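A short write-up of the structure that comes next.
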Amino acid sequence: MHEMSIAEGVLQLIEDAAEREGFRQVKTIWVEIGRLSGVEAEALAFCFDAVTRGSIAEGAAFEIVPVPGLGRCHECGKESELEAVYDACRHCGAVPVEVIGGTEMRVKELEVD
Amino acid sequence: MCTTCGCGHGETRIEGDALHSHDHDHEHEHVHADGTRHVHSHSHDGGDSHDHAHAHDHSHGHAYRPAHSHAPGMAKGRMVQIEQDILAKNDAYARQNREQFARRGIFALNLVSSPGSGKTTLLCKTIEALAGRKPVAVIEGDQQTSQDAERIRATGAPAIQINTGKGCHLDAHMVGHAFGQLPLQDDSLLMIENVGNLVCPASFDLGEAHKVVILSVTEGEDKPIKYPDMFAAAKLMLLNKCDLLPYLSFDVDAAIAFARRVNPNIEVIRTSATSGAGMDDWLAWIEKGAAAARK
């Protein structure tokens, strides 16, 4: 259940930003979660709700921006969407493909008061 | 709250003491992704008695969206761009640990596996085999008890126990604190035994040189594709308890093929802590890495 630590990390980034930018309340938060990041989006939203109680982000809408997994084939050089890190190239069937996207976990943007 | 770095680390304990009760001299500062450094002191301990009044309606169709949608006519707030990695803080601590290890010639390994793979036994045998050749110290991670650290200390090696409470993994911040309390010579080997869990520790860099994943042959050979993140993150897979192979239907070649499907570069050594098989290869692998890390 490392989604709890990830949610605490999100809250820390928000609190650091509040210190920097001087806002008191977060209304919406947009978070990019890659398909291959190892984080379950629904569990993260649930944990975020729990860890933000009593904080400036309490009650904020938690918007997850899903990012598909992306790989580049060593054989044919083409890119494929990946559901898992071990998926074969969709064009020529070669394995493994190099993961080039979809591992990110980023706080993108906040709507604040 | 921690007096050195302002962390409020919940249930984490090192050698039975909460992180904040130690007045040790391990330096720590918060480094943000944008490069600013400071010591700050917020805590997250206000949640228990707080009266949580707003209602959550999870019954609509948006799985990822708690229903805090704005009331009609509510003014749109100011937008603040963040664009920061969520694990940036952990990664900054990991970087500090890594720099410290490099300065002191320490070769650090992060041992990861499911519970019951034989990590601690393998570790004890490894320490015994290295006695007189290489100083070893151990950071032990478990949710509860200090039994593993006691087993390690019985071999003569210094060990520090981190109890993560409900936590399912070690993070770089805990390891930095534990490292500061560990009497460790320069040019040592530091073994960090993570919480037994094939999922969560994959995401948290501790500052180690490599992750070493231990898969015992009493588990399923398809674990590498069931838990691919961990095998993708590891440099070496130890296939442990190999002395039991005659009694099992475990397919070694299939297990290695699954691991290589996830991570084509993963190295594999077959070991048995009980019979000693493969231990020479494992020790040679350690010594090669340690020689490269030496000051």
**Prompt:** How many residues, within the stretch A:40-64, are open to solvent by 20 Å² or more (accessible area, probe 1.4 Å) and either in a loop (DSSP other than H, G, I, E, B) or more than 9 Å from chain B (Cβ to nearest Cβ) (or both)?
**Reply:** 8
**Request:** List every residue pair whose Cβ atoms lie under 9 Å apart, where the two residues are 6 or more positions apart in sequence or sit on different chains, the first residue falls within the stretch B:233-246 and is over 22 Å from A:TYR86 (Cβ atoms), and the second residue, located anywhere, is open to solvent by 40 Å² or more (accessible area, probe 1.4 Å) and assigned to a helix (DSSP H, G or I).
**Result:** B:ASN240/B:THR121
**Members of the stretch B:195-208 found to be away from chain A (no Cβ under 13 Å) and either closer than 21 Å to B:ARG270 by Cα or in contact with a Lys or Arg (Cβ under 7 Å, 6 or more places away or on another chain) (or both), listed by number** = B:GLY196, B:GLY207
**Message:** Restricting to the stretch B:253-268, count the residues that are touching a strand residue (DSSP E or B) at 6+ places or on another chain (Cβ under 8 Å) and open to solvent by less than 20 Å² (accessible area, probe 1.4 Å).
**Reply:** 3
**Prompt:** In the stretch B:148-183, which residues are within 14 Å of chain A (Cβ to nearest Cβ), over 13 Å from the mean Cα position of the chain (by Cα) and open to solvent by less than 20 Å² (accessible area, probe 1.4 Å)?
**Reply:** B:GLY165
**Request:** Tell me which of these A:HIS2 doesn't satisfy, since it passes every other one: (1) more than 7 Å from chain B (Cβ to nearest Cβ); (2) in contact with a Cys (Cβ under 7 Å, 6 or more places away or on another chain); (3) buried (at least 17 other Cβ atoms within 10 Å of the Cβ).
**Result:** (1)
**Message:** I need the full set of residues from the stretch B:211-231 which are more than 14 Å from chain A (Cβ to nearest Cβ) and either open to solvent by 30 Å² or more (accessible area, probe 1.4 Å) or within 20 Å of B:LEU248 (Cα to Cα) (or both), in order please.
**Reply:** B:ILE214, B:LEU215, B:SER216, B:VAL217, B:THR218, B:GLU219, B:GLY220, B:GLU221
**Message:** Conditions first: (1) more than 19 Å from A:LEU13 (Cα to Cα); (2) surrounded by 12 or more Cβ atoms within 10 Å (Cβ to Cβ); (3) at pLDDT 95 or above. B:GLU99 passes all but one, so which condition is the exception?
**Reply:** (2)
**Asked** Looking at the stretch B:146-179, which of its residues are polar (S, T, N, Q) and free of Cβ contacts under 8 Å to residues at least 24 places away in the same chain?
**Response** B:GLN147
**Request:** Specify the residue that is surrounded by the most Cβ atoms within 10 Å (Cβ to Cβ); the eligible residues are those in the stretch A:6-39 that are within 7 Å of another protein chain (Cβ to nearest Cβ) and within 26 Å of B:ALA232 (Cβ to Cβ).
**Result:** A:ILE6
**Asked** Tally time: how many residues in the stretch A:65-113 are open to solvent by 60 Å² or more (accessible area, probe 1.4 Å), away from chain B (no Cβ under 13 Å) and within 14 Å of the chain's Cα centre (by Cα)?
**Response** 1
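The values are calculated or read from the model by the stated rules, or taken from the named source; none is laboratory data. Bear in mind the structure is a predicted one, so any value in this text is a computation, not a measurement. Quick reminder, even Gly has a Cβ in these numbers, built from the backbone with ideal geometry, and neighbours come from all protein chains shown. Just the protein is used for accessible areas: all its heavy atoms, side chains included, with ligands, DNA and RNA removed. Shrake-Rupley method; radii C 1.70, N 1.55, O 1.52, S 1.80 Å.
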